[in-house]
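The values are calculated or read from the model by the stated rules, or taken from the named source; none is laboratory data. Since the model is a prediction, treat every value here as computed from it, not as a measurement. Positions of Cβ are generated from backbone atoms using ideal geometry, with glycine treated the same way; all protein chains shown enter the neighbour counts.
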Amino acid sequence: MVNFDLIERNKNLIVNIAVVIVALFIAWHLHQSANQKIGLLVQQQGSELEKNKIVEEISALEQKSENYKNTFVKRDLSEIMDILTQVAKNSSVKILSVKPFAEEPNENYYNSSFLITLKEVSYHALGDFISKVENHKDIYLVSEINISSVSSQPSAPSDRNELGVILKINTISYL
């Protein structure tokens, strides 16, 4: 049966073993609880990082939107004419007339059109003019081109092929 004498001699050892077992049990539960908290914190951190990425993307989109708003500002007719006249001078093109059309309001922007008549233009100068207009920092789009041959004296041969050109140029401005 139970040997009380053996228990009496080893009571300190038994108490120590019991204390160690209880301490291990408590430590194990604390460890599990801490691991669960760490897991939740890692998930929270991942969620917050995703939110930060989304906020940064939204901020970048807002900045781009502001830049587009600054790009698509409504220009005065005289300002547009100055720009087109300067581009024409740089391209060796003569502007004969400019006819502005009514603005067409769309959902988020205005579309303004101009009918520009050019005279005494070579193909090279016309291409240079169109290229400079469409590559200008402000937004200009050539939507229509009508080209006709112009000769100053029909009976005299000309060594220069001059053209009469009518262009429809559109510009877009933000509402």
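Here are a few things to note about the model shown:
- Of 56, 8, all but one fail to be assigned to a helix (DSSP H, G or I), within 31 Å of the chain's Cα centre (by Cα) and not assigned by TED's automatic domain parsing to the domain that holds residue 109; the exception is 56.
- Consider region 110-126 and keep the residues that are at pLDDT below 90 and surrounded by fewer than 17 Cβ atoms within 10 Å (Cβ to Cβ). The one that is farthest from residue 162 (Cα to Cα) is 110.
- Meets criteria (within 14 Å of the chain's Cα centre (by Cα) and in contact (Cβ under 8 Å) with a residue 60 or more places away in the chain) for residue 64: no
- Any chance residue 134 is over 25 Å from residue 86 (Cβ atoms) and at pLDDT 80 or above: no
- Region 3-18 residues that are surrounded by 10 or more Cβ atoms within 10 Å (Cβ to Cβ), paired with ones that are assigned to a helix (DSSP H, G or I) and modelled with pLDDT of 80 or more (beta carbon under 9 Å, 6 or more apart): 7/14
- Hey, residue 143 at pLDDT below 85, of a type in the set (Ser, Thr, Tyr), in contact with a strand residue (DSSP E or B) (Cβ under 8 Å, 6 or more places away or on another chain) and assigned to a strand (DSSP E or B) or not: no
- Residues that are within 30 Å of residue 3 (Cα to Cα) and touching a helix residue (DSSP H, G or I) at 6+ places or on another chain (Cβ under 9 Å) occur at least once in region 14-29.
- Selection count, region 83-99, where residues are in a strand (DSSP E or B) and in contact with a helix residue (DSSP H, G or I) (Cβ under 6 Å, 6 or more places away or on another chain): 1
- Pick from region 69-82, criterion part of a helix (DSSP H, G or I) and surrounded by 14 or more Cβ atoms within 10 Å (Cβ to Cβ), ranking: nearest to the chain's Cα centre (by Cα): 80
- Residues satisfying the stated conditions in region 78-126, i.e. under 19 Å from residue 168 (Cβ atoms) and small (Gly, Ala, Ser): 88, 91, 97, 102, 112, 113, 125
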